[in-house]
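This report concerns only the one structure given below.
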Amino acid sequence: MTHGLGTPEDCMRCLAVLGEPQRLRILRALADGEQTAGELSERLGVRQNTLSHHMRQLREHGLVEVRRHPRDERFTFYRLNGRRLRALSDVLTEWAARAETSWEPSGRRSS
């Protein structure tokens with residue numbers, strides 16, 4: 001089961017995207033709420049072009065949502081996609097539950 005993540009491969013790709021430390025820093029910063037690209041760049045101490053590269057990856061995998069300022073298109077706001085992160089969390093929770101089942105000394109699962 002993929003919990004709304006599409007195929008198992010989609011889930012694996014999301015996890016691979018999260019394997020990059022800078023992207024995890026971005027997600028952690030966005031956990032505090034919606035922020036502009038400029039705010040994120042300053043807060044994380046990264047150049048805007050570097051931030052843009054990582055944001056593209058996060059957006060393409062549905063982990064971050066974007067909106068433009070209604071009166072000034074120069075401002076882009078980013079926020080976490082809570083539904084997508086929850087779906088990924090559900091997959092990891094399922095895997096953890098499977099791992100917590102008892103194992104026989106031979107290395108096989110007990111039924």
Express in nm, to one decimal, how much length is gained between R47 and E34 on full extension, taking 0.36 nm for each residue of separation and deducting their alpha carbon distance.
2.8 nm
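Ranked by accessible surface with a 1.4 Å probe, highest first, in what order do M55, M12 come?
Greatest to least solvent exposure: M12, M55.
Could you rank R67, R47 by how accessible they are, 1.4 Å probe, largest area first?
Values: R67 100, R47 165 Å².
The ordering from most to least exposed comes out as R47, R67.
Treat every Asp and Glu Cβ in the stretch 1-92 as -1 and every Lys and Arg Cβ as +1, leave all other atoms uncharged, and give the resulting dipole magnitude about the Cα centre to the nearest 20 debye. Could you put the intermediate results ahead of the total?
Details: 16 positive and 12 negative charges, 29 e Å.
Once rounded to the nearest 20, the dipole reads 140 debye.
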Which order do you get for E34, E65 if you rank them by accessible area with a 1.4 Å probe, largest at the top?
E34, E65
Measuring from centroid to centroid over Cα atoms, what is the spacing of the stretch 26-40 and the stretch 56-77 in Å?
11 Å
For V64, distant residues with modelled amide H under 5 Å away:
R59, N81
I need the semi-axes of the equivalent ellipsoid of the stretch 1-90: take the C-alpha gyration tensor, multiply each eigenvalue by 5, square-root it, list largest first in whole angstrom.
24, 14, 11
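The values are calculated or read from the model by the stated rules, or taken from the named source; none is laboratory data. It should be emphasised that the depicted structure is a prediction, and the values quoted were computed from it without experimental measurement. When we count neighbours, we look across all protein chains shown, and the Cβ atoms used for this are built from the backbone with ideal geometry, even at glycine. Accessible surface areas use protein heavy atoms only, side chains included; no ligands, DNA or RNA. Shrake-Rupley method; radii C 1.70, N 1.55, O 1.52, S 1.80 Å.
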